[in-house]
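*Asks:* Just passing along the structure, written as structure tokens.
The values are calculated or read from the model by the stated rules, or taken from the named source; none is laboratory data. Since this is a predicted model, take the numbers as computed values, not measurements. Here the Cβ positions follow ideal geometry from the backbone for every residue, glycine too, while neighbour counts run over all protein chains shown. Heads up: the accessible areas ignore ligands, DNA and RNA and are worked out on the full protein's heavy atoms, side chains in. Shrake-Rupley method; radii C 1.70, N 1.55, O 1.52, S 1.80 Å.
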Amino acid sequence: SSIGSIDFRQEEWRVDCAVSGSQKGFMLPAGLGFLSVSKKALAASRVATHRRCYFSFEDMIRANDTGYFPYTPATQLLRGLRASLDLIAEEGLENIFARHHRLAEGVRKAVDAWGLKLCAKAPQWHSDTVSAILVPEGIDSADVVKRAYRTYQTSLGGGLNKVAGKVFRIGHLGWLNEVMVLGSLAAAELALLDCGV
């Protein structure tokens with residue numbers, strides 16, 4: 001989810017495979033998956049013996065070389081991707097990274113003002129793309145998420161796996177500005193109050 005939202009240097013950091021989704025930093029609806037593969041990973045895939053179909057790099061490369069896809073493309077999302085890449089180029093990655101950091105800091109300051117804590121215990125673990133907020137003992141974070149959606153038409157993320165029922169998430173990445181973040185913070189605060197926090 002960080003690609004296009006915070007600094008990422010695939011070659012410099014020697015990352016073999018990087019995966020992202022269109023609904024993250026690319027500012028699109030869900031539906032497209034992105035995979036960037038190093039030459040080392042491509043070479044390894046050529047000698048790998050495990051069976052595969054949809055995740056065959058060769059099928060995709062062969063079709064892409066002719067300007068097509070091996071399967072039915074999500075044409076409307078690809079046209080949207082062209083527009084979002086133009087927006088990214090216009091704003092500039094460094095400006096996008098700075099905007100995401102500023103908005104994330106605003107969310108973190110709101111959480112602190114509420115007297116709540118982030119799931120990420122120390123600043124070095126804070127994310128500029130999403131904040132997971134711990135709810136007090138005796139409160140189910142799923143109720144906060146439901147209340148925000150049903151009453152205030154705002155989608156917050158729920159806690160996953162070990163933190164299910166313990167945290168809710170506010171995403172602050174993609175096509176987002178200060179007013180949008182303030183709206184999500186207001187809805188989250190109202191939902192927290194409604195749920196007894």
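*Asks:* Are any of the pairs Lys109/Lys166; Lys121/Lys146; Lys40/Lys121 more than 28 Å apart by Cα-Cα distance, and if so, which?
*Replies:* Pairs exceeding 28 Å: Lys40/Lys121.
*Asks:* Further question on the same structure: For the chain, which whole-number percentage of the solvent-accessible area (1.4 Å probe, protein heavy atoms only) is attributable to carbon and sulfur atoms?
*Replies:* Here carbon and sulfur together make up 57 percent of the probe-accessible area.
*Asks:* Extension gain Leu182-Ala142, at 0.36 nm per residue separation less the Cα-Cα distance, in nm?
*Replies:* 12.3 nm
*Asks:* Using 0.36 nm per residue, how much length does the chain from Asp194 to Thr151 gain when fully extended, once their Cα-Cα distance is taken away?
*Replies:* Answer, rounded to one decimal: 14.5 nm.
*Asks:* Continuing with the same structure: Averaged per residue, what accessible area in Å² does the chain show with a 1.4 Å probe, protein chains only?
*Replies:* 64
*Asks:* Taking only the alpha-carbon positions of the range 144-197 and ignoring solvent, what does the Debye formula give for the base-10 log of I(q)/I(0) at q = 0.14 Å⁻¹?
*Replies:* -0.35
*Asks:* Also, quick follow-up: With a cap of 11 neighbouring Cβ atoms within 10 Å, and only residues DSSP puts in a loop, list the trypsin sites (Lys or Arg not before Pro) found in the range 89-197.
*Replies:* Lys121
*Asks:* A follow-up question, please. According to the square roots a ≥ b ≥ c of the eigenvalues of the Cα gyration tensor, what is the shape class of the range 64-104, taking rounded for a/c under 1.5, prolate for a/b larger than b/c otherwise, and oblate for the remainder?
*Replies:* prolate
*Asks:* Counting other C-beta atoms within 10 Å, and keeping those with at most 16, which DSSP coil chymotrypsin sites (Phe, Trp or Tyr not before Pro) do you find in the range 17-64?
*Replies:* Tyr54, Phe55
*Asks:* A further question follows. How much length, in nm to one decimal, is gained on full extension between Glu91 and Leu78, taken as 0.36 nm per residue of separation minus their Cα-Cα distance?
*Replies:* Net length gain for the segment: 2.7 nm.
*Asks:* Given the C-alpha centroids of the range 3-36 and the range 91-121, what is the distance between them in whole angstrom?
*Replies:* Taking the Cα centre of the range 91-121 as reference, the centre of the range 3-36 is 20 Å away.
*Asks:* What FRET efficiency, computed as 1/(1 + (r/R0)^6) with R0 = 25 Å and r the Cβ-Cβ distance, is obtained for Arg62 and Arg14, rounded to the nearest 0.05?
*Replies:* That pair, Arg62 with Arg14, gives E of 0.40.
*Asks:* If you keep only loop residues by DSSP, which trypsin sites (Lys or Arg not before Pro) in the range 1-67 have at most 16 other Cβ atoms within 10 Å of their Cβ?
*Replies:* Arg9, Arg14, Arg51, Arg52
*Asks:* Translational diffusion coefficient, Stokes-Einstein: compute it for the range 19-62 using the Kirkwood radius over C-alpha pairs as Rh, at 25 °C and 0.890 mPa s, and state it as an integer in µm² s⁻¹.
*Replies:* My calculation gives 204 µm²/s for D.
*Asks:* Another question about this same structure. Cα-Cα pairs above 26 Å in the range 80-197: how many percent?
*Replies:* When every Cα pair of the range 80-197 is considered, 22 percent fall beyond 26 Å.
*Asks:* Compute the Cα gyration tensor for the chain, then decide on rounded, prolate or oblate, letting a ≥ b ≥ c be the square roots of its eigenvalues: rounded whenever a/c is under 1.5, prolate when a/b is larger than b/c in the other cases, and oblate in all that remain.
*Replies:* prolate
*Asks:* Which one, Ala122, Ala110, Ala187, has the greatest fluctuation when you compute a Gaussian network model over the chain with C-alpha springs under 10 angstrom?
*Replies:* Ala122
*Asks:* Here's another thing I want to ask about it. Report the longest stretch of the chain that contains none of the GluC sites (Glu not before Pro) sitting in a DSSP loop with at most 11 other Cβ atoms within 10 Å.
*Replies:* For GluC sites (Glu not before Pro) (loop position, at most 11 other Cβ atoms within 10 Å), the longest site-free span of the chain is 13-136.
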